[in-house]
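What follows is a single structure, written as structure tokens, with notes after it.
Quick note: the coordinates plus some simple rules give every number you see, no bench work behind them. In this text the structure is predicted, and so the values were computed from the model without any measurement. Cβ: placed from backbone, ideal geometry, glycine included. Neighbour counts: every protein chain shown.
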């Protein structure tokens, strides 16, 4: 890792310093200073409020709203549920599990919508709050629902035995499911997941062909660096795939990383698309380099022991 970039990252807010020391430098930093950051306290308070995690029980909270991504962000920093005293709220999420093992977190949601609950479940597992029995039951539902290509799709008519069984899986389903499964070390080398991984890699590899997966492309919007990646995007795909050795050894994974590296400006990265409810953070604006975006790229490199290319002054162009 570039020492100058590390020093620059460590000039950021306390919560970012904590993430850098914990995940890039592999230290054991104290958590109290990071928890005292006013922006972090505000997110935790919001998660505990009637508009936060408790609101999930009403089924009216969209997966594009804050409760999903606030928890996701706090998990990415490296906080645990115990650090944040969110045990009661985390238990509420597990209480949304149906008798068949699936999770219904939105009104009129089908049990096959694995792409939505896995956002929450992956965060909880990352934050070391696991109901072992509930999680194993849910994992069973997921693995039993794999399609012919090894991935997942919300639509019932695309399940095995249905008329559209031979169509490709949904990349967002695959991405979110893999992010959850990748939190479990024993599944990171599971051969059953190769099909889902291949679909995400091939989606990038074949971007110049007239091949578009239903509802998702790999054009300009996909190629933008954004956080949180509420929509399908290259950074979250790389983040999820970096958990699986089978993926990181693939030349297409390296091609994707090269594309991201070419966006660097002297080792620093900018947010290229933003979510309004995070405009108070450096990844919620585009004018200045973002320490958080830079941290995320370095974390992927750190996982796979991949050195970035030499710093670039310009940015790569997106695809139409």
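Numerical summary
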| read-out | value |
| --- | --- |
| The chain: relative contact order as a whole-number percent, Cα under 8 Å and 6+ apart | 14 percent |
| Neighbour-count ranking [beta-carbon atoms within 10 angstrom, fewest first] of 221, 45 | 45, 221 |
| Value of [θ]222 nm, deg cm²/dmol, for the chain, DSSP H segments ≥ 4, -39500 (n - 2.57) each, nearest 500 | -12000 deg cm²/dmol |
| For 106, 257, order by how many other beta-carbon atoms lie within 10 Å, fewest first | 106, 257 |
| Convex hull per residue volume in Å³, alpha carbons only, for region 196-320 | 107 Å³ |
| Spatial separation of Cα centroids for region 142-192 and region 1-77, in angstrom | 29 Å |
| P(r) weight above 22 Å for region 1-130, C-alpha pairs, percent | 40 percent |
| For region 62-139: rounded, prolate or oblate by the Cα gyration tensor [a/c cutoff 1.5] | oblate |
| Sites residue 6 and residue 156 - FRET efficiency at Förster radius 51 Å, r taken between beta-carbons, to 0.05 | 0.55 |
| Binned Cα-Cα distance frequencies in the chain - 20 Å width, integer % | 32, 61, 7 |
| Ascending count of other beta-carbon atoms within 10 Å, so fewest first, for 141, 170 | 141, 170 |
| Shape call, region 102-251: gyration tensor on alpha carbons, a/c limit 1.5 | rounded |
